[in-house]
Amino acid sequence: MKLSLIFSMIFVFMFGVSTNAGHHSDSMVMHHMHIMLNHAAEMAAEGSNLLMVGQMNMAPGVDSLSIEHGTMMLNKASELVHQVLEGEAMQNLHRRGITPDKNEEMAYTHLLAYKVLNLIEVLKAMPSAMSQQQ
């Protein structure tokens, strides 16, 4: 316990970790957008996996739940990406001139979002229960 506390204190002093709750830099906002986009990609991959497992028809009574939940995860993953792209935080940054053509990090954020949407569409297009569920 003491060792853990000592290492934490050393880390804070050496690396200047801030606990400033008011810190809302544009870069941090985009970083959190990246986290949400990564989560959407993970949701889509897990949802696709659930669809494939459900299609195996090896667990009666669970397969339909797996297919239903996997379908929901794929659809919600798309919605999440659109919420990031069209949400208040993105609109606020754009209003202030932080746009893909003027800001490298914003360009990356948009590129990441479009790549995740592409991944989701590829997963949805796989021969799967998606065609049966929509």
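General observations
- FRET efficiency for the residue 57 to residue 83 pair, using the beta carbon distance and R₀ = 30 Å, is estimated at 0.30.
- Stokes-Einstein D (µm²/s) once Rh is taken as the Kirkwood radius of region 72-133 over alpha-carbon pairs, at 37 °C in 0.692 mPa s: 255 µm²/s
- Inter-label distance, residue 92 to residue 65: 4.0 nm, where each label sits 7 Å from its Cα along the C-beta direction.
- Taking a sphere under 14 Å around the Cβ of residue 34 and counting the other residues whose Cβ falls inside, with K and R at +1 and D and E at -1, yields a net charge of -3.
- Viscosity 0.692 mPa s, temperature 37 °C, Stokes-Einstein D of region 27-132 from Kirkwood C-alpha radius, µm²/s: 224 µm²/s
- Relative contact order for region 20-133: 35 percent, from Cα pairs under 8 Å spaced at least 6 residues apart, divided by residue count.
- In summary, the aspartates and glutamates within cross-link reach of residue 124, defined as a Cα separation below 15 angstrom excluding same-chain residues under 8 places away, comprise 42, 46, 68, 79.
Every number here is computed from the coordinates shown, using simple stated rules; none is lab data. Keep in mind the model is a prediction, meaning the values are calculated, not measured. Quick reminder, even Gly has a Cβ in these numbers, built from the backbone with ideal geometry, and neighbours come from all protein chains shown.
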